[in-house]
Amino acid sequence: MSTINEMWDDLTSSEQLVFKKSCRRLLKETFIVRDKDDDNRKLFFFIKANEALFSDYLNLMGFELVVKDNGIVMLQNNDSNVVISKQKFSKFQSIILCCLWTLYMDKVQSGSLSKQITVSFPELNAELEKFEFKGAFDIKRDIKTALQLFARYNLIFVNWNAPDNERVIVLYPSIQFALDESEFAAFVTVVRERMSNADSQNEDVVDERFDAEGEEE
């Protein structure tokens, strides 16, 4: 079996640069989405072709590399003894994530054959209404802030330059790995309980599935 050094030496100098770029991208964004753009597509296929090298290298830092058939590469924590910083979401951002996750799974389970799954802002607003929250939120501003944050982790994409009536939220397949069904059910219960408590409006909710380089607990 080849060692990390042997696999590294088998790469050309240009491939070594791509390897470094791919690792930095994964550590910063957690997900690489093949169908996002040409750059992500190239990184996805390079990682897939050199999966053993990436896995061995990232495992040394306490990560497990996961390559999905639907075009997703993701990092997961594989060492409970390693303290990895977590991305913190406000309660409202956490609710939006839950809503987007639900909308994505509904469209997949309904048999949507579209290569690119999108939801409209009215659809998101309708899903948000189900939470029946009574909070002092600037809905338009806070939704945009949340969506921009999720885009950093390659969960979604929004073309903010498009006219309001044409703007949609593109949901990448990576969003289905943000929460599994059991986590989602428990998470919604906790969020609803916190939203019903007026004294806890400014508390943060931590999503334990996102590992972000440079984000502090």
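Quick notes on this structure:
- The reciprocal of the average 1/r between distinct C-alpha atoms defines the Kirkwood hydrodynamic radius, which for segment 4-103 equals 15.0 Å.
- Distance in nm between pseudo-label sites at N125 and M105 (7 Å out along the Cβ direction from Cα): 2.6 nm
Bear in mind that the values in this text are calculations on the coordinates, not laboratory data. No experiment lies behind these values; they were computed from the predicted model shown. Please note: Cβ atoms are built from the backbone with ideal geometry, for glycine as well, and neighbour counts cover all protein chains shown.
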